[in-house]
1. Which residue, Glu191, Glu224, Glu235, tops the fluctuation ranking in a GNM of the chain built on C-alpha contacts under 10 Å?
2. Once you keep just the Cα pairs under 8 angstrom separated by 6 or more residues, what percentage relative contact order results for the chain?
3. Could you do me a favour and compute the accessible area per residue for segment 153-285, 1.4 Å probe, result in Å²?
4. Rank-order 259-269, 62-72 by packing density, defined as the average count of other C-beta atoms within 10 Å over each peptide's residues, highest first.
5. So how much accessible area does Glu113 have, in Å² to the nearest 10, using a 1.4 Å probe?
6. Put +1 on the Cβ of every Lys and Arg and -1 on every Asp and Glu Cβ in the chain; which of Val180, Ala280, Ser169 then has its Cα farthest towards the positive end of the dipole?
7. Convert 25 °C to kelvin, take the viscosity as 0.890 mPa s, use the Kirkwood radius over C-alpha pairs of segment 170-285 as Rh, and evaluate the Stokes-Einstein diffusion coefficient in µm²/s, rounded to a whole number.
8. Give me D for the chain in µm² s⁻¹, whole number, from Stokes-Einstein with Rh from the Kirkwood sum over alpha-carbon pairs, 4 °C and 1.567 mPa s.
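The values are calculated or read from the model by the stated rules, or taken from the named source; none is laboratory data. The structure presented is a predicted model; accordingly, all values stated were derived computationally and were not measured. Cβ coordinates were reconstructed from backbone atoms using ideal geometry, including for glycine residues, and neighbour counts include every protein chain displayed. Ligands, DNA and RNA are stripped out before the accessible areas are found, and what is left, the full protein with its side chains, is counted by its heavy atoms. Shrake-Rupley method; radii C 1.70, N 1.55, O 1.52, S 1.80 Å.
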Amino acid sequence: MDRYRFDSVARSERYFTATLLSHLLMAQDFLGLQAIFDALSIVPSRASNSDNFELISELDPLRDGSTQNERIRNLFQEHGRLAVPDLFLRWNDQLLIVEAKFFTSPNDDDCVEQIRAQKKAIELVLPETAYATSNISYAVLIVQRTSGLKSLPGDIRFITWSDLIVSLSEAFSGRETPDVSYCFDVLRRAEQRARKELEKPEWTHKRITNLQALLSGLPKLVEENLIYVGFKGGERRLMQASLEELEQRDHYKLSDVRWSSNWLRVDLLIGRYLSLKIAAENLQD
């Protein structure tokens with residue numbers, strides 16, 4: 001087996017966005033940041049004599065603001081951590097909030113839910129910030145478009161890693177330094193790995209009529225490797241579901257492939273069901 005480097009197998013979205021992409025966006029007087037705004041046709045005001053840039057990865061609007069502002073502190077106590085955008089970018093009066101995916105293939109429900117939470121967090125703190133009069137755009141950065149993602153609301157923009165790398169490469173053409181070349185090299189190889197992994201595999205799925213049928217058929221399902229169950233809203237929504245909701249759900253879909261964060265290991269569903277059932281039985285005693 002060939003020996004490998006860590007940067008040839010890395011899979012963390014945070015590594016690609018907060019390290020490699022962020023470096024490219026800030027390099028050479030924010031040349032890359034200007035390129036991503038241009039690629040998405042976001043035009044900043046040129047009223048000022050000098051461009052004004054800002055970049056934050058893993059922004060937590062409520063938590064971070066709560067340390068400096070009493071009103072935000074109260075909002076944070078009320079709402080908690082709503083969402084953490086992968087990138088917050090600003091060029092003069094234009095803001096761009098980016099939700100990035102790399103080795104996952106999100107569907108429209110996942111993306112809309114995440115960005116809706118990000119919008120809520122940003123809008124809650126906006127009056128207390130220096131961005132009250134800024135224009136805000138949201139974007140999903142993904143490896144490949146899927147049919148489901150075509151139904152995203154119009155105010156959510158698309159960009160693929162491949163297209164972004166091309167746009168950034170053109171911006172740096174003839175001006176690449178060793179650090180910039182390194183970032184491009186790692187990103188290109190990782191994008192190729194991710195695209196290959198996300199090619200639609202052969203998969204098996206089964207529709208189960210109700211929860212009892214799922215429980216009784218569980219040994220056979222596990223034997224067939226049907227270990228993922230579809231649950232809209234993912235694990236957070238499952239943890240909010242009632243016993244009645246789980247028992248009266250008209251069907252369950254199981255698969256041998258985890259297509260998105262809406263597909264959970266079946267043991268999480270069973271664990272939630274057992275916890276609710278035991279709690280209900282204890283109330284009756």
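1. Among Glu191, Glu224, Glu235, the largest GNM mean-square fluctuation belongs to Glu224.
2. Relative contact order of the chain: 17 percent.
3. 60 Å²
4. 259-269, 62-72
5. Spelled out: Glu113, probe radius 1.4 Å, area about 70 Å².
6. In the chain, that residue is Ala280.
7. 142 µm²/s
8. Translational D for this selection: 60 µm²/s.
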